[in-house]
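Report on the following structure.
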Amino acid sequence: MNKLWKKFDQLSTRCYEDMIQSNPTMDNWDEAFSILVEITEEGRQRDSSFAQEIYQLEESIEYQCDVSGWFEDYMDELEMCERYDRLQYVCEKVLQLFQWKEESPSDIKFHIAFAMAGQGKNEETLAFCEEWYKAEYDNIVAATSLIYAQTAVKDYQGAEAVVKKFITKDTVCSEENDIIYSAASHLYKVNGNKKEEKRINKAIKTYEKELEEYFLSLDEEDLDFDLNLDIPDEELPFK
């Protein structure tokens, strides 16, 4: 097991070196992921309770490697390189490997929907998002995914119904719901509803301005502190 972790550490270092050097190959990323799968499966052979949650991989080596952070970067790199088939595979593999009882897999599922849409699997994407939303109808990430999926198949009425559940006239765009505002903006742009598109975009711009003013108001000490906060990455909409 130690040899595998050493190999992962070496490969993950090369991954970030590739990013710095703008190296287009993703061989090191792919191999590092395979090593993580091997570590998990070998650990389970020795102890069936080994690393039931993804963060427990880090615990098992006393946080010598940032597995969760690396995996998030891997998904982003696959997305940027438009390797949608690979992105779908690794996300589905990770969903299957871990229990996701202590951490939400919403980000993983969003990437799956994004990956399927990127492959032109619009009907399959819609079915996936509908099932997800049915199971978690209060999950804003599931709702956002469904809006994009419905928009892609031109079910504008269905998409707008989901939008209206989460965005009313009194709803304010914020860090908690900006992703669904982006989805709504995309919907109204596609279906030609200029009035609603303008209203939604105005709310987004107001939030962005408030966010900018907040960061400009921070002094250097506050900014250093805030940069260490675990703030969710902004998701890109799939079309």
Revision key, fill the gap. For the L211, K169 Cβ pair and Förster radius 30 Å, calculated FRET efficiency rounded to 0.05 is 0.85
Practice item. Return one whole number: the accessible area per residue of segment 42-128 in Å², for a 1.4 Å probe. Key: 50 Å²
Study note, to complete from the structure: Yeah, segment 2-151 with a ≥ b ≥ c from its alpha-carbon gyration tensor (a/c under 1.5 is rounded, else prolate when a/b outruns b/c, oblate otherwise) is oblate
**Study point:** Where labels lie 7 Å past Cα in the beta-carbon direction, separation of M80 and T13 in nm
**Key:** 2.1 nm
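Segment 158-220: which trypsin sites (Lys or Arg not before Pro) are DSSP loop and have at most 10 other beta-carbon atoms within 10 angstrom?
Working: sites: K164, K165, K169, K189, K194, K195, K198, R199, K202, K205, K209; in loops: K169.
In loop regions of segment 158-220 (DSSP not H, G, I, E or B), the sparsely surrounded trypsin sites (Lys or Arg not before Pro) are K169.
Only Lys, Arg, Asp and Glu count, each charged at its Cβ (+1, +1, -1, -1), so figure out the dipole size of segment 1-97 about its Cα centre, rounded to 20 debye.
Working: 9 positive and 23 negative charges, 78 e Å.
Magnitude of the dipole: close to 380 debye.
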Check your understanding: For labels at V153 and V37 in the simple 7 Å Cα→Cβ model, what's the distance in nm?
Key -> 2.9 nm
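What is the magnitude of the charge dipole of the chain about its Cα centre, with +1 placed on the Cβ of each Lys and Arg, -1 on the Cβ of each Asp and Glu, and no other charges, expressed in debye to the nearest 20?
Details: 26 positive and 54 negative charges, 323 e Å.
Roughly 1560 debye for the chain.
Per-residue counts of other Cβ atoms within 10 Å, averaged by peptide: what ranking do you get for 21-32, 146-157, highest first? If you can, show how the numbers build up before the last one.
Details: 21-32: 14.3, 146-157: 20.4.
Going from most to least packed, we get 146-157, 21-32.
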Exercise for review: With θ set to phi - 60°, apply the Karplus curve 6.51 cos²θ - 1.76 cosθ + 1.60 along segment 28-38 and write out the HN-Hα couplings as whole Hz, x wherever there is a Gly or Pro.
Suggested key: 5, 4, 5, 5, 4, 5, 4, 5, 4, 4, 5
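Which entries of K154/K189; K164/K189; K6/K93 have Cα-Cα distances beyond 18 Å here?
On the way: K154/K189 12 Å; K164/K189 16 Å; K6/K93 22 Å.
Listed pairs above 18 Å: K6/K93.
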Check your understanding: Dipole size in debye (nearest 20) for segment 116-201 around its Cα centre, Lys and Arg Cβ +1, Asp and Glu Cβ -1?
Key -> 500 debye
Point to revise | Residue (of S106, W5, L216) at the positive-pole extreme of the chain, dipole from beta-carbon charges | key: S106
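If you take all C-alpha pairs in segment 27-86, what percent of them are over 13 Å apart?
On the way: 1149 of 1770 pairs.
Counting every Cα pair in segment 27-86, those more than 13 Å apart make up 65 percent.
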Revision key, fill the gap. For the chain, whose charge dipole is built from +1 on Lys and Arg Cβ atoms and -1 on Asp and Glu Cβ atoms, the candidate among L126, L57, N191 with its Cα farthest towards the positive end is N191
Review point. What angle, in degrees between 0 and 90 and rounded to the nearest 10, separates the Cα long axis of helix 156-166 from the longest principal axis of the Cα atoms of the chain?
Key: 80 degrees
Practice item. For the chain, build the charge dipole from Cβ charges (+1 Lys, Arg; -1 Asp, Glu) around the Cα centre, then report which of C173, W70, V153 sits farthest towards its positive end. Key: V153
Review point. Okay, which of segment 159-197 sit inside 18 Å, backbone N to the point 7 Å along the Cα-Cβ direction of E103?
Key: none
Point to revise | Relative contact order (percent, whole number), the chain, Cα cutoff 8 Å, 6+ residue spacing | key: 12 percent
Practice item. Pull up the cross-link candidates among the aspartates and glutamates for K121, meaning alpha carbon to alpha carbon under 18 Å and not fewer than 8 places away within one chain. Key: E79, E82, D85, E92, E130, E131, D155
Check your understanding: Based solely on its DSSP helices, what 222 nm [θ] is calculated for the chain when runs of n ≥ 4 H residues each add -39,500 (n - 2.57) and the sum is averaged over all residues, nearest 500 deg cm²/dmol?
Key -> -23000 deg cm²/dmol
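The values are calculated or read from the model by the stated rules, or taken from the named source; none is laboratory data. Values in this document were obtained by computation on a predicted structure and should not be read as measured data. Every residue, glycine as well, gets a Cβ built from its backbone with ideal geometry; the counts of neighbours run over all protein chains shown. Note: accessible area is taken over every heavy atom of the protein model, side chains too, but ligands, DNA and RNA are not part of it. Shrake-Rupley method; radii C 1.70, N 1.55, O 1.52, S 1.80 Å.
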